[in-house]
Amino acid sequence: MENKRLSKIERLLQKELSDIFQKQTQAKPGTLISVSTVRVSADLSIARAYLSIFPSDKGEELLEAVRANTRSLRYDLGQRVRLQLRKIPELSFFIDDSLDYLENIDALLKQ
């Protein structure tokens, strides 16, 4: 039962964070930040969001900008989900490099 609730919260946070990033990156043409996965701790105090950033060569730069704005992102998220969640979790952001890994493996297999 608890796993079902956590997965619903993770999907909600993923959807809302994706909307926030989509609105923020519209001002920067040529960049795209998508939220691939969100993992929430059992006590709902910490949410780990894994971001897929395009182009990948700007990944570290954009991740640092996102981490610098974590406080405002959490506030925006809180405004969106305040009726569904009582407590807004602390946000941690990480790069999801699984697509780069797949591209690398695909290139190796083609050789």
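Only the coordinates and a few stated rules stand behind these numbers; no lab work does. Bear in mind the structure is a predicted one, so any value in this text is a computation, not a measurement. In this analysis, Cβ positions are derived from the backbone assuming ideal geometry, glycine residues included, and neighbour counts consider all displayed protein chains.
Between residue 27 and residue 98, what FRET efficiency comes out of the Förster formula 1/(1 + (r/R0)^6) with R0 = 41 Å and r the beta carbon distance, rounded to 0.05? Intermediate results must be reported in sequence, preceding the final value.
Numbers: r = 27 Å, r/R0 = 0.66.
In this case the efficiency is close to 0.95.
Which residue, 66, 53, 6, has the largest displacement toward the positive end of the dipole of the chain when charges sit on each Cβ (Lys, Arg +1; Asp, Glu -1)?
6
Taking only the Cα atoms of the chain, how large is their convex hull per residue, in Å³? It would help to have the intermediate numbers written out before the result.
On the way: hull volume 12.4 nm³, N = 111.
Taking the convex hull of the Cα positions in the chain, it is 112 Å³ per residue.
Can you divide the C-alpha Rg of the stretch 37-97 by 2.2 N^0.38 Å and report the result to two decimal places? It would help to have the intermediate numbers written out before the result.
Numbers: Rg = 12.5 Å, N = 61, 2.2 N^0.38 = 10.5 Å.
That works out to 1.19 for the stretch 37-97.
Working from the alpha-carbon coordinates of the stretch 5-61, get Rg over Rh, Rh being the Kirkwood radius. Walk me through the numbers on the way to the answer.
Numbers: Rg = 12.6 Å, Rh = 12.1 Å.
Expressed as Rg/Rh, it is 1.04.
May I have the count of lysine pairs in the chain with C-alpha atoms under 21 Å apart, counting pairs 8 or more residues apart or located on different chains? Before the final figure, lay out each step's value.
Working: 4/15; 4/87; 8/87; 15/23; 15/28; 15/87; 23/58; 28/58.
The result is 8.
For residue 39 paired with residue 61, estimate the spin-label separation in nm (one decimal), with each label point 7 Å from Cα along the Cα-to-Cβ line.
2.9
Just subtract the alpha-carbon distance of residue 85 and residue 7 from 0.36 nm times their residue separation and send over the number in nm, one decimal. Mind dumping the intermediate values first?
On the way: separation 78, 0.36 × 78 = 28.08 nm, distance 1.35 nm.
Extra length from residue 85 to residue 7 when fully extended: 26.7 nm.
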